[in-house]
Amino acid sequence: MNEKDDQVLNSRDTNKPSEQTSPKGVDRRRFLGQVGLAAAVVKAIANPPAASAKSPAATATGAKPDVSCALSPGYPPVASTPYGISGRITQATILRDTAAANDAGLGPAVNLSNGDSQIYASKLGTYTKGLIHNSLGVVDPNSYQSMITALETGSFADFQNIKTGGQHFPGMNHTLNGPQGGLRFDLEKPDVVQFGQPQVPPAPGIASDQSGTEMVEHYWGALCRDVSFLDYGTGTGTDSAGYSGMACTELTNMSCYTGPRNSNGQVTPQVLFRGNFPGEIYGPYISQFMLVPTSFGVQPISQQWTRFQAGVDYLTDFPSYLKAQNGFNPPGATNESGVFYASNGRSLSTWTHSDVLYQGYFVALLVLGTIKAPSNPGNPYNGSLTENGFDTFGGPDQAAMLGELAARALDVVWYQKWWVHLRSRPEEGGAITHLNKLGHYPGGPKSGIDVKMSNEVLNSVAIQQTFSKYGTYLLPQAFPEGSPTHPSYPTGHGTVGGACITALKFFYNGAALFGTSPLPAPVQSSSDGTTLIPYVAPAGEPPLSVNGELNKLGHNVSFGHGIHAGIHWRSDTDTSLLLGEQIAIDFLNDKALTYNEPFSITIQKFDGSNYTFNNPGHP
């Protein structure tokens, strides 16, 4: 992308430049503002389409029973006049116009990339997986330009003409993962181009100290992949459990590490590979919503999963890495026999390799029902002696909303991935680190690479231990194909997670505590993942809340894809959860207008502050 394409502008920032530019594929979004939408709506109401002269019965394959067969003998049909029918069409139009006007008032978003695509002629540090690469993993210029052309025009034909490397692997072709999803229009929230700063800052640059530090965390995550969360900090030396203690020591001393620390500023086994949101550093590593058994209707869900074979990692030699970059999609991973509770990084990796994208949050909804979690205090049906929520505020509303939000969130994050950031995956950071260590870097003894990673990773204990185990400095991957074929930042799993978690907080009381009726006492997986055991909290630890365990669930899922599997940066996850939260807030603000019930519902956001949704109700 050119520099202007990287600076799609943002409405939530009042200091907008006087000129705004965006990729040509997005210019078509101006269409709605040019056609007189309100006039078209009014005309459509006043002049509805004429009914077809051809009746459905005329095209049916069998005879249609006479309508009289369904009536009581001697009684004709009776016209129904539900409450408010005369004004509902007009009111529905007003609600749509109101929501659309509110969303349009936000204007376009400010979106800034980290500039790596302009800094490095090689495009290392920019997403290129699935395109054509040379023997060092540097993208072919013509292949890269074919992708950029498609992004600039938005033309379906141009996307079909991208020169991918996978075309050279018949039957094993890893095609690009749905880039056009970022151009779909939306009728349930602001448009995709209206999300950006401050929820989505520029991704850390590939050569930055933060990216170097995140790579260090990735190498430790790979080395600890088979270590039970219960065993963090229990080993010594370079045995597998000992890696976790070494990770804590190294990350504690890294000034650019953004993960949680204890009150003394240390990274400890209790907080290692966790998120920073309220409640996340307490209790078992795995959220209660990934452990407590539940059911989907009459189908029991044990919360036990299959798991990849322990000790088997991928892309640890350069030929395998290069084939993956060129779009080769190898056969799937081998699983261990049996099923297990989530107990280590490899089990989380296995989950995220195959899950339906909002599966973890749908299961969390089922768990909330199983444990009879109380409704949000603002639910309009609380205390009612005459009715309960069903189509609104009840189970059908909750379940459907998660699917709606997942789709809406994906649209936004896919636009961010492809049209703004094009951030490369950690596996490429590992390849650059490997090549740097072999002398390929600007001014080094070997040529071909114009990126030098931060000394935070090049001089780390983590890559020394990785080389000792694998014989290369490449980042070991949990998936045979490595990362999927779409850019890294932000992450789809995280954005969907942030959105769905916010919806669950909208419906349920986030302050409810596990171990306090009706919620069960917390549990955790045994070290081997075969059983659930009670969790005994250390002295002084606060009880686990619904909010805290939902926050933890978001990082469990997204770090399962990221730190534990090796395919996403920590900053991908942290940013995407916040982005998903904002998408859900905007979505729910639009949705609130449509409810008949008056309500005022407050949730706790990821940053610990409160947000309130209000609907005065309809007359």
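The values are calculated or read from the model by the stated rules, or taken from the named source; none is laboratory data. All figures in this text were calculated on a predicted structure; none of them were measured in a lab. In this analysis, Cβ positions are derived from the backbone assuming ideal geometry, glycine residues included, and neighbour counts consider all displayed protein chains.
Scanning region 510-536 for residues that are surrounded by fewer than 20 Cβ atoms within 10 Å (Cβ to Cβ), part of a loop (DSSP other than H, G, I, E, B), touching a strand residue (DSSP E or B) at 6+ places or on another chain (Cβ under 8 Å) and not aliphatic (A, V, I, L, M) yields a count of 6.
Please determine whether any residue of region 398-417 is surrounded by fewer than 24 Cβ atoms within 10 Å (Cβ to Cβ) and assigned to a loop (DSSP other than H, G, I, E, B). Looking for residues that are surrounded by fewer than 24 Cβ atoms within 10 Å (Cβ to Cβ) and assigned to a loop (DSSP other than H, G, I, E, B), one finds none in region 398-417, hence no.
The conditions of being farther than 30 Å from Leu136 by Cα and either within 22 Å of the chain's Cα centre (by Cα) or not aromatic (Phe, Trp, Tyr) (or both) are not met by Ala324.
Counting only residues that are hydroxyl-bearing (Ser, Thr, Tyr) and out of contact with any Gly (no Cβ under 7 Å at 6 or more places or on another chain), which one in region 572-599 is modelled with the highest pLDDT? Walk me through it before giving the result.
Our first condition is that a residue be hydroxyl-bearing (Ser, Thr, Tyr); within region 572-599, this holds for 573, 575-576, 594-595.
Narrowing the set further to residues that are out of contact with any Gly (no Cβ under 7 Å at 6 or more places or on another chain) leaves 575, 594-595.
Numbers: Thr575: 97, Thr594: 90, Tyr595: 93.
Per the criteria, the residue is Thr575.
Given Ala63, Ala99, which one is farther than 30 Å from Gln145 by Cα, touching a helix residue (DSSP H, G or I) at 6+ places or on another chain (Cβ under 9 Å), exposed (fewer than 11 other Cβ atoms within 10 Å of the Cβ) and modelled with pLDDT of 50 or more? Don't jump to the end; show me each part of the working.
Numbers: Ala99 fails: exposed (fewer than 11 other Cβ atoms within 10 Å of the Cβ).
Answer to the check: Ala63.
For the criterion of being in contact (Cβ under 8 Å) with a residue 40 or more places away in the chain, of a type in the set (Gly, Ala, Ser) and farther than 19 Å from Asp574 by Cβ, Ser211 fails.
Looking at this structure, is Thr316 surrounded by 19 or more Cβ atoms within 10 Å (Cβ to Cβ) and polar (S, T, N, Q)? It would help to see each step written out before you state the result.
Working: surrounded by 19 or more Cβ atoms within 10 Å (Cβ to Cβ): yes; polar (S, T, N, Q): yes.
For Thr316, the condition - surrounded by 19 or more Cβ atoms within 10 Å (Cβ to Cβ) and polar (S, T, N, Q) - is met.
Rundown of residues vs (1) in contact with a helix residue (DSSP H, G or I) (Cβ under 7 Å, 6 or more places away or on another chain); (2) over 30 Å from Gly182 (Cα atoms); (3) among the hydrophobic types (A, V, I, L, M, F, W, C), yes/no style:
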{"position": "Ala407", "(1), (2), (3)": "no, no, yes"}
{"position": "Gln416", "(1), (2), (3)": "no, no, no"}
{"position": "Gly429", "(1), (2), (3)": "yes, no, no"}
{"position": "Glu456", "(1), (2), (3)": "yes, yes, no"}
{"position": "Ser460", "(1), (2), (3)": "yes, yes, no"}
{"position": "Ile463", "(1), (2), (3)": "yes, yes, yes"}
{"position": "Leu475", "(1), (2), (3)": "yes, no, yes"}
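Among the residues making up region 273-294, a single one is in contact with a strand residue (DSSP E or B) (Cβ under 6 Å, 6 or more places away or on another chain) and among the hydroxyl-bearing types (Ser, Thr, Tyr): Thr294. For region 577-595, the count of residues that are without any contact (Cβ under 8 Å) to a residue 60 or more places away in the chain and either under 20 Å from Phe393 (Cβ atoms) or of a type outside the set (A, V, I, L, M, F, W, C) (or both) is at least one.
Taken together, the criteria place Thr268 among residues that are closer than 16 Å to Pro538 by Cβ, assigned to a loop (DSSP other than H, G, I, E, B), modelled with pLDDT of 95 or more and not acidic (Asp, Glu).
Have a look at Ile463, Ile501 and point out the one that is in a helix (DSSP H, G or I), farther than 30 Å from Trp414 by Cβ and at pLDDT 95 or above. Give the steps one after another, and end with the answer.
On the way: Ile501 fails: farther than 30 Å from Trp414 by Cβ.
After applying the criteria, what remains is Ile463.
Taking region 131-165 as the range and being of a type in the set (Gly, Ala, Ser) and closer than 24 Å to Arg184 by Cβ as the test, the residues that pass are Ser146, Ala150, Gly154, Ser155, Ala157. Looking only at residues in region 123-135 that are surrounded by 20 or more Cβ atoms within 10 Å (Cβ to Cβ), hydroxyl-bearing (Ser, Thr, Tyr) and assigned to a loop (DSSP other than H, G, I, E, B), which one is nearest to the chain's Cα centre (by Cα)? Top of the filtered list is Tyr127. For region 151-164, the criterion of being of a type in the set (Phe, Trp, Tyr), closer than 30 Å to Pro331 by Cβ and either surrounded by fewer than 14 Cβ atoms within 10 Å (Cβ to Cβ) or out of contact with any Ser or Thr (no Cβ under 6 Å at 6 or more places or on another chain) (or both) is met by at least one residue. Considering Ser302, Ser255, Ser287, Ser263, the condition of being among the polar types (S, T, N, Q) and under 21 Å from Leu458 (Cα atoms) is satisfied by Ser255 alone.
Test of understanding: among Leu435, Leu474, which residue is of a type outside the set (D, E, K, R) and either over 31 Å from the mean Cα position of the chain (by Cα) or outside any helix (DSSP H, G or I) (or both)?
Working: Leu435 fails: either over 31 Å from the mean Cα position of the chain (by Cα) or outside any helix (DSSP H, G or I) (or both).
Going through Leu435, Leu474 in turn, just one is of a type outside the set (D, E, K, R) and either over 31 Å from the mean Cα position of the chain (by Cα) or outside any helix (DSSP H, G or I) (or both): Leu474.
Do we find that Ser354 is under 30 Å from Glu214 (Cβ atoms) and free of Cβ contacts under 8 Å to residues at least 12 places away in the same chain in this structure? When the stated conditions are applied, Ser354 passes them.
In region 246-296, of all residues being surrounded by fewer than 18 Cβ atoms within 10 Å (Cβ to Cβ) and small (Gly, Ala, Ser), the one that is nearest to Gln465 (Cα to Cα) corresponds to Ser255.
May I ask you to say which residue of Gly540, Gly608 is free of Cβ contacts under 8 Å to residues at least 12 places away in the same chain, assigned to a loop (DSSP other than H, G, I, E, B) and not acidic (Asp, Glu)?
Working: Gly608 fails: free of Cβ contacts under 8 Å to residues at least 12 places away in the same chain.
Result: Gly540 is the single residue among Gly540, Gly608 that is free of Cβ contacts under 8 Å to residues at least 12 places away in the same chain, assigned to a loop (DSSP other than H, G, I, E, B) and not acidic (Asp, Glu).
Here is a yes/no grid of residues against (1) under 24 Å from the mean Cα position of the chain (by Cα); (2) part of a helix (DSSP H, G or I); (3) of a type outside the set (Phe, Trp, Tyr):
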| site | (1), (2), (3) |
| --- | --- |
| Asn177 | yes, no, yes |
| Gly182 | yes, yes, yes |
| Phe185 | yes, no, no |
| Pro190 | yes, no, yes |
| Gly196 | yes, no, yes |
| Ile206 | yes, no, yes |
| Glu214 | yes, yes, yes |
| His218 | yes, yes, yes |
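The single condition among (1) buried (at least 19 other Cβ atoms within 10 Å of the Cβ); (2) within 26 Å of Val227 (Cβ to Cβ); (3) over 24 Å from the mean Cα position of the chain (by Cα) that Asn379 does not meet is (2).
Could you grab me the full set of residues in region 105-119 that are surrounded by fewer than 20 Cβ atoms within 10 Å (Cβ to Cβ) and assigned to a loop (DSSP other than H, G, I, E, B)? Let's see the steps before the verdict.
Keep residues of region 105-119 that are surrounded by fewer than 20 Cβ atoms within 10 Å (Cβ to Cβ), which gives 105-107, 112, 115, 118-119.
Selection gives Gly105, Leu106, Gly107, Leu112, Gly115.
Given the conditions (1) assigned to a loop (DSSP other than H, G, I, E, B); (2) hydroxyl-bearing (Ser, Thr, Tyr); (3) buried (at least 23 other Cβ atoms within 10 Å of the Cβ), and given that Thr350 satisfies all but one, which numbered condition is not satisfied? (1) is the only condition that Thr350 fails.
Just to be sure, is Tyr415 in contact (Cβ under 8 Å) with a residue 40 or more places away in the chain, under 27 Å from Pro487 (Cβ atoms) and of a type in the set (Phe, Trp, Tyr)? For Tyr415, the condition - in contact (Cβ under 8 Å) with a residue 40 or more places away in the chain, under 27 Å from Pro487 (Cβ atoms) and of a type in the set (Phe, Trp, Tyr) - is met. Kindly establish whether Ala207 is within 24 Å of Glu428 (Cα to Cα), touching an Asp or Glu at 6+ places or on another chain (Cβ under 9 Å), among the aliphatic types (A, V, I, L, M) and crowded, with 24+ Cβ neighbours inside 10 Å. The answer is no for Ala207. Please specify each residue of region 66-91 satisfying the condition of being at pLDDT 80 or above, in a loop (DSSP other than H, G, I, E, B) and surrounded by 10 or more Cβ atoms within 10 Å (Cβ to Cβ). Result: Leu71, single match.
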